[in-house]
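Read-outs throughout are calculated quantities, based only on the coordinates presented, and are distinct from any laboratory measurement. Treat the numbers as computed from the prediction; the structure is a model and nothing was measured. Don't worry about glycine lacking a Cβ; one is built from the backbone with ideal geometry, like all the others, and counts go over all protein chains shown.
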Amino acid sequence: MKKKFIPNCILSLILLSTLSPILFSQSWKLWYKQSAIDWNESLPIGNGRIGATLMGGIDKEEIFLNDITLWSGSKQDADNPESVKFLPEIRKLLLEGKNKEAEKVVFENFVCKGKGSGYANGINIPYGSYQLLGNMLIKFDYGSKEVAPQNYRRELDLNNALYSVSYDLNGVHYSRKAFASFTDDAIVIEITSDKPKALNFSVSLSRPERFTTLSTKDELQMFGMLNNGTDGNGMKYFTSVRVKGSSGNINFSNNQIEVRNEDRILIIISAATDFFKKDSFKKFAQDISKNLVSKNYDQLFKVHQKEFQKYFNRVKLNLGDGDSEKIPTDERLIAFNRNPNDFYLPALYFHYGRYLLISSSRPGILPANLQGLWTKDIQTPWNGDYHLNINVQMNYWPAEVTQLSELHIPLLDYIKSLVEPGRKTAKTYYNANGWVAHTISNVWGYTAPGEHPSWGAFMGAAGWLCEHIWEHYNYTQDKKFLAQFYSVMKEASQFYLDVLIEEPKHGWLVTIPSDSPENTFILPNGEKTAVCMGPTMDNQIIRELFTNTIEAAKILKVDSEFSKKLETAKAKLPPHQVGKLGQLMEWLEDYEETEIHHRHVSHLYGLHPSNQITKTKTPELVQAARKTLERRGDESTGWSMAWKIMFWARLGDGNHAYKLLRDLLYPVTPVSPKNKGGTHINLFDTHPPFQIDGNFGSCAAIAEMLIQSHDGFIELLPALPDNWQNGSYDGLMARGGLEVGLTWTNKSATEIRCKATCSNTFLIKSPLGNSIKVFKNGKWDKVNCVDGMIKLNLKKNESVIIQSI
Ligand code: FUC
């Protein structure tokens, strides 16, 4: 028989497109048999700018509307010019080991001018608060209810970024769908009944304060102005709602919309603020709703779905066979607490993290805040702001590794926007060049220390933020981007160069005054304080910043003199120190922490996000990091547990990472013990209260259990727990620009799939033994690993498959 000839290029296409077929049919859904009774059960939709959480009631649909730019407050000068006068005294006291005396001067003088964040109550002061845009209420009228509703289902379909509710009542099937369009920048709702004239409802808009509603002949409007914290004339917003029916009648009157005898209704909600679109914000919102209401739902959904899936479909993850559709999410979450063998929930949670980032981060606008995009309040917890001592950074941990690199841009642009106010803050407080930011910030460019130095004076924020610039470059190898952002790194480096001071004991260069974020320690005389010099986290951040700035300068061929200065200073930074208990020391001295289980584990910054402590390069520090984690314990606030999953992943202990993931997925319901961190039944992370950083941090940490690339090579399945015996993923990213896919059985890799997103040489620690075969350019080649490493020279867009022989 004549053999059929299949050209190599076709063969490779077939091979590459048939990888992991199970993965491509995965469906990821949160679903419930009942409506939400608490806001923490509502389901979020968002397009990075506007969004909503929906409760899904039968008698009423309550919708909490959000616009990521809607803030009270205003630009202010919070830099306190008096502070710098006290700097010499503070420094002298700390250099003499008089921390408590220094603390007094710091607490009294090294603070912001004005009220700072108002102790997380910034709504009516210049700091401001991220605010709810409005409450939309859809009130249904079913006439008399003959029977109880049946077949109720509430769902968030992550693959399609689509919320839906359906039920049967009085012999009628009702359905409700909603999405925040990625293409048309509006919230689109469709409500249908399968019998004519069965839809009767009213739509109204309100918010707790500062609003006016108005109905014209075909539009419901809500508008107002928030408090700027000074003369009251703050940010303006405008919301427009339009409705289209099919056969019945729709009336706009008395500040609401009345829908009668309909069976298919399209609702368009658009909104904007003058922060986003200066003078044209009203027209912007009105044009959108007017234009969209003439279209039909399917048309609108199709384009939205396509745009959303451009991001969402880049990554596939399967952690074992899961009975995906059978168990409602709340029951599943509760069951997971007892049964660690649910393979669907951790994967669902991972995909939810990506869904939430896609839904709350859009280039050109603001980064995701403490609640992403979703708040039900006008005084959002902690002002829903940008905390710069872990929280906003954690929000963006999944961006690169889970292939949402362009969604990192809002944070990177935001960092750039802090340079100008940060320069003034650097001069005012430290008489230093460059720029600095401290613990908290908002949309108004706040860079001064907070109102209380025990938590508000962390000066490492600028350095930590710059890490994101470097990591974006690291993954994308985008030199143009690096050139555009290099000055942000350089100026932050300049700031630290200017403020570092030699301490007397070793001659090390240290920050002073400083603290280890929000933690306090016990002085030898038993007194407690936070104020110190050279806490480990500062040293790590500055070492990393200097290293990255020097490297960036080399790549861009600039600033060789400046780089030399950084090299010299870097050599004098305090090294890591191991304390008497074998732990990594958090401070320059081996102080005992006041709270052993404190949620911040700042001194492990060197383990993650930085790569100063690694299994191959510093095994003894890895031991010390492990001791530190054991001492701190597992249970904590939501975000803290997410960070700890990451730490254990970096330590290569998959089982401990998984244990912490289960702790983080502790089901927190209205009847849970108070102050318990975990996860609400809508899978929102809770500190408590709801804080989205834990969702993002743990999404990244799950990726970190499956792939790592921080130590000069790529390691696959570096922290795989025993529970995840079989699985596969595609689309996770490694530094240097490699898209990686992997299949494993019985905890052993069976196939690696790679695609270069930049031309580069990649080293992969072989999980397939020393003799492997590589499928490239249409043919298999036998390859021997060198020192256990697979070396791949790939051009941009080149793909390979690797298997054992
Ligand atoms: C940091 C943390 C708190 C909280 C707040 C928003 O200050 O210490 O736990 O997450 O941010």
Item to complete: Using the 2.2 N^0.38 Å rule of thumb for compact globular proteins, work out how region 139-297 stacks up: its C-alpha Rg over that value, please.
Response: 1.15
Item to complete: Averaged over every viewing direction, what's the projected area of the C-alpha convex hull for region 544-623? Give it in nm², one decimal, please.
Response: 6.6
Response to the item:
Here Rg/Rh (Cα, Kirkwood) for the chain equals 0.98
Worksheet entry | Within-11-Å neighbourhood charge of GLU219 [Cβ basis; K, R +1; D, E -1] | +2
Practice prompt. Using just the helices of the chain, give the 222 nm mean residue ellipticity in deg cm²/dmol: DSSP H runs with n ≥ 4 each add -39,500 (n - 2.57), and the total is spread over all residues, rounded to 500.
Written response: -9500 deg cm²/dmol
Worksheet entry | region 679-805: C-alpha gyration tensor shape, a/c 1.5 cut-off, then a/b vs b/c | prolate
Worksheet item: Quick one: Cα convex hull volume of region 382-534, Å³ per residue?
Response: 134
Worksheet item: Projected onto the charge dipole of region 148-250 (+1 at Lys/Arg Cβ, -1 at Asp/Glu Cβ, origin at the Cα centre), which of ALA180, LEU162, PHE201 gives the Cα projection farthest towards the positive end?
Response: PHE201
Worksheet item: Any idea what the relative contact order of the chain is, in percent, if you count C-alpha pairs under 8 Å spaced at least 6 apart?
Response: 12
Worksheet entry | Percent of Cα pairs exceeding the 22 Å cut-off, where the set is region 625-751 | 39
Worksheet entry | Principal axes of region 20-150: Cα extent on each, largest first, Å | 78, 47, 26
Worksheet entry | Interatomic Cα distance distribution for region 264-319, bins of 10 angstrom, percent | 19, 32, 32, 13, 4
Worksheet entry | Rounded to the nearest 20 debye, dipole of region 629-695 from Cβ charges on Lys, Arg, Asp, Glu | 100
Worksheet item: Once you charge only the Cβ atoms, +1 for Lys and Arg and -1 for Asp and Glu, what is the size of the charge dipole of the chain about its Cα centre, to the nearest 20 debye?
Response: 2320
Discussion item. Tell me the Kirkwood radius of region 500-639: reciprocal of the mean inverse pair distance over distinct alpha-carbon atoms, in Å.
Written reply: 16.0
Fill in: region 455-519: equivalent-ellipsoid semi-axes (sqrt of 5 x gyration tensor eigenvalues, Cα, Å)
28, 14, 10
Item to complete: Determine how many Å³ per residue the convex hull of the Cα atoms of region 362-453 encloses.
Response: 108
Worksheet item: Lys/Arg Cβ at +1, Asp/Glu Cβ at -1, dipole of the chain taken about the Cα centre: which of PHE107, ASN695, ASN151 is farthest positive-ward?
Response: ASN151
